[in-house]
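Throughout, read-outs are computed from the coordinates displayed, never taken from laboratory work. Here the structure is a predicted model, which is why all the values come from computation and not from measurement. Note that we place each Cβ from the backbone using ideal geometry, even for glycine, and neighbour counts take in every protein chain shown.
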Amino acid sequence: MVINYLKKLAEEKRQEKIEEELSLKNAEIFRDNEDIRKAAQIKKEADRLSNLKQYRASIDEYHKALELFPEKREKSEFFPKVAQFLFDVHFSIASCFYHLNDLRKAIEHYDAALDYEIPQNERAAAYMGKGSAYYGMKKLVDAPQGESLTDIQKKEMDAMKKLDDRKSLLKLSHESFSKAVELDRNSTEAWYNKGHMEFLLGNVKDAMLSFDVVLTNSTHYENAAKIELFEELKKEKGIKDEPAHEDEEKKKKKLFKTKTGHYVRSKVEKLIADFLFEQGLLFQYHVSVAWSDSEDFRPLFFIPKFNLYVEHFYSSSVEDEEAKKIMFQYEKNRKNFIYTLEEDESNIEDALRSKMRPYFKNRE
């Protein structure tokens with residue numbers, strides 16, 4: 001009898017402890033949800049300022065959102081919804097600093113974003129941003145400096161040079177792009193950037209392997225950095241450029257340079273690319289995909305963060321024969337996609353913002 005009584009008492013105490021822990025957990029979930037609701041409102045204003053290119057003011061607002069989540073808590077204690085939100089805020093701050101050419105601060109916030117457990121393709125996007133920032137620093141360090149630098153700029157330049165001497169900015173950039181490849185092996189852009197860094201570091205064999213993947217994924221991938229090895233590999237594989245009778249000037253007149261430094265085929269494609277860049281969204285342009293049953297099918301834009309494809313139809317209706325073919329591929333393979341039409345071209349940013357609203361809401 002005594003043993004049974006003691007067992008019952010122990011079980012009751014164990015149950016009380018479980019209920020107490022559950023109550024505390026529920027209170028924490030409620031608090032986090034309340035904090036997210038408040039922080040999301042602040043982030044909306046910060047996003048708006050960023051869209052208007054008011055990057056300093058935007059950064060201040062993003063930091064106000066972060067203040068609702070004290071750093072004294074262990075990052076592992078945050079629930080997935082909170083972790084995703086904090087990743088997005090740090091990623092947005094990093095993008096703002098990147099726009100301001102404050103690359104060390106950009107890297108600092110890309111690293112802060114990577115502290116949170118979020119989907120691999122989004123982690124890959126942060127590593128892509130980090131790799132681009134390190135490479136941007138290397139270009140600044142190697143560029144001839146005039147006498148117009150302020151004391152603050154000189155101090156910043158000295159810090160970057162010291163980092164380059166100590167760890168090599170190219171190696172740091174390569175490490176970041178390599179991480180992006182590990183997390184998203186289908187990212188042609190990550191493979192290209194990884195190969196670019198390997199080429200600059202003199203690792204020709206590794207660069208060839210990376211560029212082989214690029215050209216397997218997309219035979220017409222834009223060689224934005226004008227890397228000679230990349231062009232030689234194209235020749236080796238029998239990949240032809242545009243007709244030889246067109247000189248470089250004519251080619252350039254037909255292409256439009258985006259804010260990412262890539263060239264696209266039309267003004268509206270440039271506007272779409274620049275809009276995505278301004279939103280802090282990394283994207284892939286005109287790449288081949290394994291899921292399509294058509295060798296000629298290449299999505300216009302792919303946004304890994306949202307697993308979303310974006311198309312623009314140069315027609316007033318999706319009943320156009322070409323548009324129907326493209327839409328069939330997405331629908332058949334059950335892919336998320338949005339599209340714009342000819343009528344949207346005069347206000348393409350508003351059209352994109354409207355069509356992407358559900359994805360932006362999920363990001364919040």
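For segment 257-364, the number of Lys pairs separated by eight or more positions or lying on different chains, with C-alpha atoms closer than 17 Å, is 11.
Note the full-extension length gain between ASN347 and ALA290 as 0.36 nm times their separation in residues minus their Cα-Cα distance, in nm to one decimal.
So the extension gain works out to 17.2 nm.
To the nearest µm²/s, what D does Stokes-Einstein give for segment 119-241 at 25 °C and 0.890 mPa s, using the Kirkwood radius over alpha carbon pairs as Rh? Result for D is 159 µm²/s.
Residues whose amide H falls under 5 Å from that of GLU311, counting only those 5 or more places apart or on a different chain, are ILE338, TYR339, THR340, with hydrogens built in the peptide plane. When the trypsin sites (Lys or Arg not before Pro) in segment 277-364 are filtered for DSSP coil states and for at most 12 other beta-carbon atoms within 10 Å of their beta-carbon, the remaining sites are ARG334.
Report the gain in length on full extension from LEU229 to ALA159: 0.36 nm times residue separation, minus Cα-Cα distance, nm rounded to one decimal. Kindly include the intermediate steps, with their values, before the conclusion.
On the way: separation 70, 0.36 × 70 = 25.20 nm, distance 3.22 nm.
So the extension gain works out to 22.0 nm.
A Förster radius of 25 Å combined with the Cβ-Cβ distance from ASP111 to LYS171 puts the calculated FRET efficiency at roughly 0.90.
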